[in-house]
Amino acid sequence: MGLFDIFNKKKKDVDWEEQTKLQNWNDIVYTRKSVDMDDPVQRREYVESCLLQMQEASRELEQLEFEYNDVTSHLRDMEEIDALPPEQRMEIDACAEKILKSQEQKEKFSKRKSKMTDAEFERMERLWKDARSSAGKLSDAETYQKKIRNDLKRLDSEHEAYLYREDEILSEIENSKRLIIAIGIALFVILVFLLILQHALGLNVIYGYMATILLAAIAVTVLYFQNTNAAQELKRVTASISRLIMLQNQVKIRYVNNTNLIDYICLKFSVNSSRELSDLCDRYEKEKTERARYEDAKKLLDSNEKDLIYMLRHFRVKDPDIWIHQVEALLDHNEEVEIRHSLNVRRQSLRKRMEYNRDIVAGNAKLEIEDMAKQYPSYTQEILDMVSRYEDN
């Protein structure tokens, strides 16, 4: 014998032991071997245990009978529906088809990928009055924002160019001043040199004076005009810089106001751009339409369910409400057969449990008490009194 066979044998032994235990647990055993019936305490405890078992069985039977009657009533309702004339059955089937379609629409809506969350939908419902116009304002503001940025970039470029030109002019003016000083020094040196030639050497340097004065006059004149032109250009550049600064300030004010408008609209609708807001508006309109359809389908479903309950109650169906939850059984014969089979199985199980509590538990306990009264006639009245108190409770 291999290990596998040994394992199977052990498993079968365990299963047999489990079945034996379950069988023993289901059996109610009455024995008075260890009970001293002449002892009043042991006698009363034994009788009370039998009465308690009868009481427990009685409570269980009440619940089981209620459930059994409910299942039986449901089976009778199915028989009543199957026995209806064709015209009445067609009315019920037509109403059931409407309910089934409404339920399918409701289920389809609940299973769909939601276009919007409830929070988004409620917020848009509050703000819908100006949502579309805000989307247009936001789009215009975004377009205007691009233009303002371009203007600011152009003004910044011009400002930098004028600042660069201003530095150049200031450098030219500074260089002119230095050149004038240099020319003055050179003129002074030349004049001293000419004086030395004239007085020390006795040379005629009149033409030297004339040439020096002429060159100095020309240089001073040229530098004067350059400096004058530079000063005038500096004035124009400075004025242009002032004008650009004023323009920049105006454009910056527009930029800040426009930016604040964009930020406010985005904050108000919890979006980042006009495209998102437009998409949110489109989704809200679609969501609103779908939710309206859902509400209509729900109202129609409620109406059809009421109509079906009314018809079934009119056709002597005792529990018409349950058919709202099993409409398919009215239209699909296989579904009806399956439900009928399930109900029969349940009723059979309930009947078995009722028989067990009535015959095995309560019946054997009653027989045990009767047998005790016969075997111990001296205690019969005491036992009958205990039974009477049990029945009164």
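The values are calculated or read from the model by the stated rules, or taken from the named source; none is laboratory data. None of these values were measured; they are calculated from a predicted model. We place every Cβ from the backbone using ideal geometry, glycine too, and count neighbours over all the protein chains shown.
Restricting attention to the range 203-222, and to residues there that are more than 16 Å from A182 (Cα to Cα), free of Cβ contacts under 8 Å to residues at least 12 places away in the same chain and surrounded by 10 or more Cβ atoms within 10 Å (Cβ to Cβ), which single residue is farthest from the chain's Cα centre (by Cα)?
First pass over the range 203-222, keeping only residues more than 16 Å from A182 (Cα to Cα): 203-211, 214.
Applying the additional criterion that residues be free of Cβ contacts under 8 Å to residues at least 12 places away in the same chain yields 203-207, 210-211, 214.
Within this subset, residues satisfying the condition of being surrounded by 10 or more Cβ atoms within 10 Å (Cβ to Cβ) are 203, 205-206, 210-211, 214.
Numbers: L203: 110, V205: 106, I206: 105, M210: 100, A211: 98, L214: 94 Å.
My answer is L203.
Look at (1) assigned to a helix (DSSP H, G or I); (2) in contact (Cβ under 8 Å) with a residue 40 or more places away in the chain and you find that F66 fails only one, number (2). Could you list, in sequence order, the residues of the range 127-171 that are within 30 Å of L223 (Cβ to Cβ) and either surrounded by fewer than 16 Cβ atoms within 10 Å (Cβ to Cβ) or free of Cβ contacts under 8 Å to residues at least 40 places away in the same chain (or both)? Scanning the range 127-171 gives E160, A161, L163, Y164, D167, E168, L170, S171. Here I218 fulfils each of the conditions (1) among the β-branched types (V, I, T); (2) under 27 Å from K235 (Cα atoms); (3) touching a Ser or Thr at 6+ places or on another chain (Cβ under 6 Å) apart from (3). Checking S73, S102, S58, S49 one by one, the residue that is over 30 Å from K298 (Cα atoms), touching a residue at least 40 places away in the same chain (Cβ under 8 Å) and assigned to a helix (DSSP H, G or I) is S58 and no other. Of everything in the range 290-315 that is surrounded by 13 or more Cβ atoms within 10 Å (Cβ to Cβ) and of a type in the set (K, R), the residue that is nearest to R89 (Cα to Cα) is R313.
Residues in the range 81-102 that are touching a Lys or Arg at 6+ places or on another chain (Cβ under 9 Å) and surrounded by 14 or more Cβ atoms within 10 Å (Cβ to Cβ): I81, S102. Against the numbered list (1) surrounded by fewer than 12 Cβ atoms within 10 Å (Cβ to Cβ); (2) at pLDDT below 70; (3) under 21 Å from V361 (Cβ atoms), W16 comes up short only at (3).
Can you tell which of I265, I241 is touching a Ser or Thr at 6+ places or on another chain (Cβ under 7 Å) and either in a helix (DSSP H, G or I) or among the aliphatic types (A, V, I, L, M) (or both)?
Numbers: I241 fails: touching a Ser or Thr at 6+ places or on another chain (Cβ under 7 Å).
On inspection, the qualifying residue turns out to be I265.
So that you can scan it fast, the table gives a plain yes or no per residue for (1) within 30 Å of Q326 (Cα to Cα); (2) not in a helix (DSSP H, G or I); (3) not assigned by TED's automatic domain parsing to the domain that holds E233:
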{"position": "K98", "(1), (2), (3)": "yes, no, yes"}
{"position": "A119", "(1), (2), (3)": "no, no, yes"}
{"position": "E125", "(1), (2), (3)": "no, no, yes"}
{"position": "N150", "(1), (2), (3)": "no, no, no"}
{"position": "S157", "(1), (2), (3)": "no, no, no"}
{"position": "A161", "(1), (2), (3)": "no, no, no"}
{"position": "R165", "(1), (2), (3)": "no, no, no"}
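Test I322 against the criterion of being aliphatic (A, V, I, L, M), touching a residue at least 24 places away in the same chain (Cβ under 8 Å), within 20 Å of K137 (Cα to Cα) and assigned to a helix (DSSP H, G or I), and give yes or no. In short, no. The residues listed here are M372, M386, M354, M311; of these, the one that is assigned to a helix (DSSP H, G or I) and either closer than 16 Å to M78 by Cβ or in contact with a strand residue (DSSP E or B) (Cβ under 6 Å, 6 or more places away or on another chain) (or both) is M311.
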